[in-house]
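Asks: My questions all concern the structure below.
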Amino acid sequence: MKRSKPARRGASRADASRPRVVVLAAGVGSRMRSSLPKVLHRVAGRTLLDAVLDTAAGLSPSATVVVVGKDGGRIEASLEGRGARLAVQDPPLGTGDACARGLEVLSPGSGPVMVLAGDTPLLRVETLARLVARRDEKDLDLVFLTFRPPDPGDFGRIVRDGRGRPRAIVEAKNTTARQKKIAEVNAGVYCFEPEALARALAKIGRNPVSGEYYLTDTVAILAAGGGRVEAIEAEDWREAWGVNTRRDLAEAEELERRRGVERALDAGVTILDPASVRIGPRVALAPDVVLHPFVSLEGRTELSEGCEVLPFTRLVDTRVEAGAAIGPHCEAAEARIGARSRVGPFSRLRPGTVIGEDVRIGNFVEVKNSVLGKGAKAQHLAYLGDADVGAGANVGAGVITCNYDGEKKHRTSIGEGAFIGTDTQLVAPVSVGKGAYVGAGTTVTEDVPDGALALSRSPQVNKEGWATRRKAKKS
Ligand code: UD1
Ligand code: CA
């Protein structure tokens with residue numbers, strides 16, 4: 001029979017049964033040999049802690065607490081805007097003690113308590129949800145995650161009884177020779193019934209080898225007391241990978257990279273050299289995208305059908321519409337590239353760049369906070385900053401928007417179909433009208449009306465025979 005779950009007054013039933021999350025991040029992390037706290041190291045661009053918190057947020061927890069050590073200031077700063085509470089564990093007396101410190105700060109409720117480590121960045125929310133669902137369904141005191149990595153190394157070994165029920169987690173340091181060979185290990189992901197957790201935490205003793213309080217001991221404590229304890233094995237061992245050393249961190253990066261590549265291949269993407277391509281966990285790719293060697297797709301980058309990303313190109317938080325191509329050797333951040341547009345080689349698109357359809361951006365062109373209309377072109381050696389470029393406008397080689405006066409940024413407007421000659425400087429704020437021409441080498445300081453020609457060069461002087469006479473004198 002299911003135990004009844006009293007709802008807190010004022011809180012809805014649904015809210016009372018939502019999971020609450022405790023993330024342990026107070027360990028010293030000395031095995032990293034770093035001045036940076038371990039959980040602030042990055043995998044696929046995100047800190048280990050951010051990765052864990054992003055995943056946990058997928059459970060819509062009613063509360064989240066992060067347990068940090070006495071020097072938790074940098075971790076606290078990294079949590080800004082997350083709505084997670086902080087608990088301090090000082091001194092670090094082990095994962096069991098850290099969990100107890102977290103519970104003191106966690107808002108009360110009857111929802112299950114999900115305990116996660118801050119150093120397992122590859123977890124998936126589906127797996128956490130499986131634990132929550134299993135606990136709920138069987139009214140378990142504890143259900144935790146296990147996995148079988150190629151080498152069980154320093155992970156805690158899972159000891160099961162003759163009926164396959166988990167009886168204990170034995171830390172690698174404490175194993176017998178026989179236990180050491182156990183392939184199934186602890187992922188450090190637990191879903192507890194809150195009262196069972198409190199009961200078990202109160203009974204944990206110091207580990208005889210390390211003197212620490214181990215959260216893993218709750219398994220033996222609950223199982224021995226007749227509690228209902230189960231373990232679920234991860235479908236893919238890679239997602240439970242924990243980071244303790246720089247080697248583990250490098251391995252996590254590679255596991256995440258391979259996972260990104262596999263996800264893309266399954267989604268219908270062609271990858272010419274899977275070993276050199278990086279695809280972050282929040283990247284979205286449509287079928288028939290083609291990725292060339294050494295492409296890196298980061299943040300919330302989105303590529304629509306049939307896009308092609310050429311070699312050595314990095315896209316961060318960038319959206320590319322159907323059939324567009326970018327690269328080789330390009331970088332784009334917080335940019336949008338319209339359908340069928342062609343960017344590169346050697347182009348740089350900075351934040352706020354919005355490129356329409358059928359646009360051409362060529363080599364050594366930098367665009368920042370600018371909008372380019374359909375069919376506009378800037379093919380060589382240009383800087384377009386804070387500019388609005390109309391449809392079909394042509395920006396010649398060496399054109400520069402002088403958008404910054406040393407104090408403020410100003411906008412440049414180039415009308416539809418305008419032609420900006422080579423080596424023009426547009427001193428903003430300034431506008432060039434629709435269909436207007438600007439002659440090569442002009443410094444545009446005044447607005448140019450629609451359909452006009454602007455020229456600011458000094459007239460050319462030809463001195464007949466001058467060079468010939470000079471040579472003759474010298475000889
Ligand atoms: C832990 C588990 C091990 C499991 C492995 C999975 C224990 C005793 N062992 O080992 O069974 O296989 O994770 O990755 O739990 N932390 C604190 N305060 C402390 C100590 C640790 O907050 O006093 C935090 C750490 O910052 C870390 C997490 O708890 O995020 C796990 O601690 P760590 O020292 O990395 O444990 P492992 O040796 O990896
Ligand atoms: Ca660890």
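Asks: What FRET efficiency do you get for Val105 and Ala129 if R0 is 22 Å and r is their Cβ-Cβ distance, rounded to the nearest 0.05?
Replies: So the FRET efficiency works out to roughly 0.35.
Asks: In Å, what Kirkwood hydrodynamic radius results for segment 404-470 from the alpha-carbon pair distances?
Replies: 13.4 Å
Asks: Evaluate E = 1/(1 + (r/R0)^6) for Ala472 and Lys434, where r is the Cβ-Cβ distance and R0 equals 41 Å; express this FRET efficiency to the nearest 0.05.
Replies: On the way: r = 53 Å, r/R0 = 1.28.
It comes to 0.20.
Asks: Given charges of +1 on the Cβ of Lys and Arg and -1 on the Cβ of Asp and Glu, with all other atoms neutral, how large is the dipole of the chain about its Cα centre, in debye to the nearest 20? Each step should come with its number before you reach the end.
Replies: Working: 69 positive and 59 negative charges, 170 e Å.
Magnitude of the dipole: close to 820 debye.
Asks: Something else about it: Give me the distance in nm between label points sitting 7 Å out from Cα along the Cα-to-Cβ direction at Glu195 and Thr245, one decimal.
Replies: 4.5 nm
Asks: Okay, moving on. Within the chain, which complete DSSP H helices have Cα atoms spanning at least 18 Å along the helix axis and a mean Kyte-Doolittle hydropathy of 1.6 or higher? Provide the component values of the computation, followed by the final result.
Replies: Details: long enough: 125-138 (20 Å, -0.64); 246-266 (30 Å, -1.47).
Correct list, ordered by number: empty.
Asks: Another question about this same structure. So if we plug the beta-carbon distance of Asp447 and Arg350 into 1/(1 + (r/R0)^6) with R0 = 30 Å, what FRET efficiency do we get, rounded to 0.05?
Replies: Computed FRET efficiency for Asp447 and Arg350: 0.70.
Asks: Let me ask another. Under a crude label model (7 Å from the Cα following the beta-carbon direction), how far is Arg167 from Lys409 in nanometres?
Replies: 6.6 nm
Asks: Still on this structure, please answer the following. Using +1 at the Cβ of each Lys and Arg and -1 at the Cβ of each Asp and Glu in segment 430-475, identify which of Gln460, Tyr437, Ser475 lies farthest towards the dipole's positive end.
Replies: Farthest towards the positive end: Ser475.
Asks: Using a 1.4 Å probe, what is the accessible area per residue for the chain, in Å²?
Replies: 48 Å²
Asks: As I understand it, the dipole of segment 246-328 uses +1 on the Cβ of Lys and Arg and -1 on the Cβ of Asp and Glu, about the Cα centre. Which of Val269, Pro328, Pro281 lies farthest toward its positive end?
Replies: Pro281
Asks: For the full complex of protein chains and a 1.4 angstrom probe, list Ser35, Ser431, Ser347 by accessible area with the highest value first.
Replies: Descending accessible area places them as Ser35, Ser431, Ser347.
Asks: Among the aspartates and glutamates, which fall within straight-line cross-link reach of Lys408, defined as a Cα-Cα distance under 18 Å, with same-chain neighbours fewer than 8 residues apart omitted?
Replies: The reachable aspartates and glutamates, counting only those whose Cα sits under 18 Å from Lys408, are Asp386, Asp388.
Asks: How much of Glu254 can a 1.4 Å solvent probe reach, expressed as accessible area in Å² and rounded to 10?
Replies: It works out to around 60 Å².
Asks: Where the centre of each part is set by its Cα atoms, how far does segment 120-158 sit from segment 198-263, in angstrom?
Replies: If you average the Cα positions of each part, the centres end up 8 Å apart.
Asks: Compute, for segment 103-203, the length of the dipole vector about the Cα centre, with Cβ point charges of +1 (Lys, Arg) and -1 (Asp, Glu) only. Units Debye, rounded to 20.
Replies: Details: 17 positive and 14 negative charges, 123 e Å.
Magnitude of the dipole: close to 580 debye.
Asks: What is the magnitude of the charge dipole of segment 187-242 about its Cα centre, with +1 placed on the Cβ of each Lys and Arg, -1 on the Cβ of each Asp and Glu, and no other charges, expressed in debye to the nearest 20?
Replies: Dipole of segment 187-242, to the nearest 20 debye: 360 debye.
Asks: Then there is this: For segment 342-384, list residues with backbone N below 19 Å from a point placed 7 Å from the Cα of Ala267 toward its Cβ?
Replies: none
Asks: Taking only the alpha carbons of the chain, what extent do you get along each of the three principal axes, in Å, biggest first?
Replies: 107, 59, 43
Asks: With the cut-off at 27 Å, tell me which of the pairs Lys374/Lys409; Lys38/Lys173; Lys38/Lys138; Lys409/Lys434; Lys70/Lys138 have Cα atoms farther apart than that.
Replies: Lys38/Lys138; Lys70/Lys138, as the Cα separations exceed 27 Å there.
Asks: For the peptides 199-205, 283-289, 464-470, what is the packing order when you average, over each peptide's residues, the other Cβ atoms within 10 Å and list the highest mean first?
Replies: 283-289, 199-205, 464-470
Asks: Using Stokes-Einstein with the Kirkwood hydrodynamic radius over Cα pairs, what translational diffusion coefficient do you get for segment 312-361 at 10 °C and a viscosity of 1.306 mPa s, in µm²/s rounded to a whole number?
Replies: Values: Rh = 10.1 Å.
Diffusion coefficient, whole number: 157 µm²/s.
Asks: What number does segment 336-475 give for Rg over Rh if you use C-alpha atoms and the Kirkwood radius?
Replies: My calculation puts Rg/Rh at 1.13.
Asks: Between Arg228 and Glu137, 0.36 nm times their residue separation minus their Cα-Cα distance comes to what?
Replies: Additional length available on full extension: 31.5 nm.
Asks: Can you compute the helix-only [θ] at 222 nm over the chain? Use -39500 (n - 2.57) per DSSP H run of at least 4 residues, normalise by all residues, nearest 500 deg cm²/dmol. Walk me through the intermediate numbers first.
Replies: Numbers: 10 runs with 97 residues, N = 475.
Counting only the DSSP helices, I get -6000 deg cm²/dmol.
Asks: Carbon-plus-sulfur fraction of the accessible area of the chain, 1.4 Å probe, in percent?
Replies: Numbers: 11500 of 22790 Å².
The nonpolar share, carbon plus sulfur, comes to 50 percent.
Asks: Report, largest value first, the span of the C-alpha coordinates of segment 260-326 along each principal axis, in whole Å.
Replies: Reported extents, whole Å, longest axis first: 26, 20, 20.
The values are calculated or read from the model by the stated rules, or taken from the named source; none is laboratory data. Note that the coordinates shown come from a computational prediction; the quantities given were computed from them, not determined experimentally. Backbone-built Cβ (ideal geometry, glycine too); neighbour counts: all protein chains shown. Quick note on the areas: whole protein, heavy atoms, side chains included, nothing else; ligands and nucleic acids left out. Shrake-Rupley method; radii C 1.70, N 1.55, O 1.52, S 1.80 Å.
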